[in-house]
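Read-outs: derived from the displayed coordinates by stated rules, not from any lab. Note that the structure is a prediction, hence the values are computed from the model and not measured. Positions of Cβ are backbone-derived with ideal geometry, glycine not excepted, and every protein chain shown enters the neighbour counts.
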Amino acid sequence: MSIGRRKILRGAVAVGFVGLFAGVAKIFSSQNTNTPTAIGEPEPETSMASTTPETSAAEVMAGNVISKTGELGVGETFEFTSAAGIPAILFKSSSEKIYALSRVCTHEGCSVNFSSNDQTLICPCHGAQYEATSGARLGGPGRGDLQKINIEVQGDNIVELI
Ligand code: FES
């Protein structure tokens, strides 16, 4: 091999190494710049800030919305299924008095029906009767009063508290 060819070959090898090092350096530098950006991104703070109002709204609306206060007139009732999965009835006896009772008879569990004529809840199975204003057992078979459903007026909503 002549001296001229050796010089050309050394030059080509040197250029190749320089290019190789430049490529490797570029790979490492791009990896290094990505890592701090990912860690330093303000996403957690942004998402925390956006969840705070939602959490507050969820706290205000804790429970199941049964009805809107405006949808139930004074003297009207509304049958619904409670969060526990039992039949229940909502009463609005005045603009201030809204309450709910379980419709599960304390005798053997049939669903009682509201009678607006005598303001009672009557069981169709064996005739137990309950006072509609309190759920107190008035007569017939049974082992106690109807269970009260825990409700609350929250703004425009009537909510079952869970
Ligand atoms: Fe209601 Fe028997 S189940 S009276």
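Details
- Spin-label model, I86/S115: points 7 Å from Cα along the beta carbon direction are separated by 2.2 nm.
- A quarter of the convex hull surface defined by the alpha-carbon atoms of the range 98-141 gives 2.8 nm² as the mean projection.
- Taking one quarter of the surface of the convex hull spanned by the alpha-carbon atoms of the range 114-161 gives a direction-averaged projected area of 4.2 nm².
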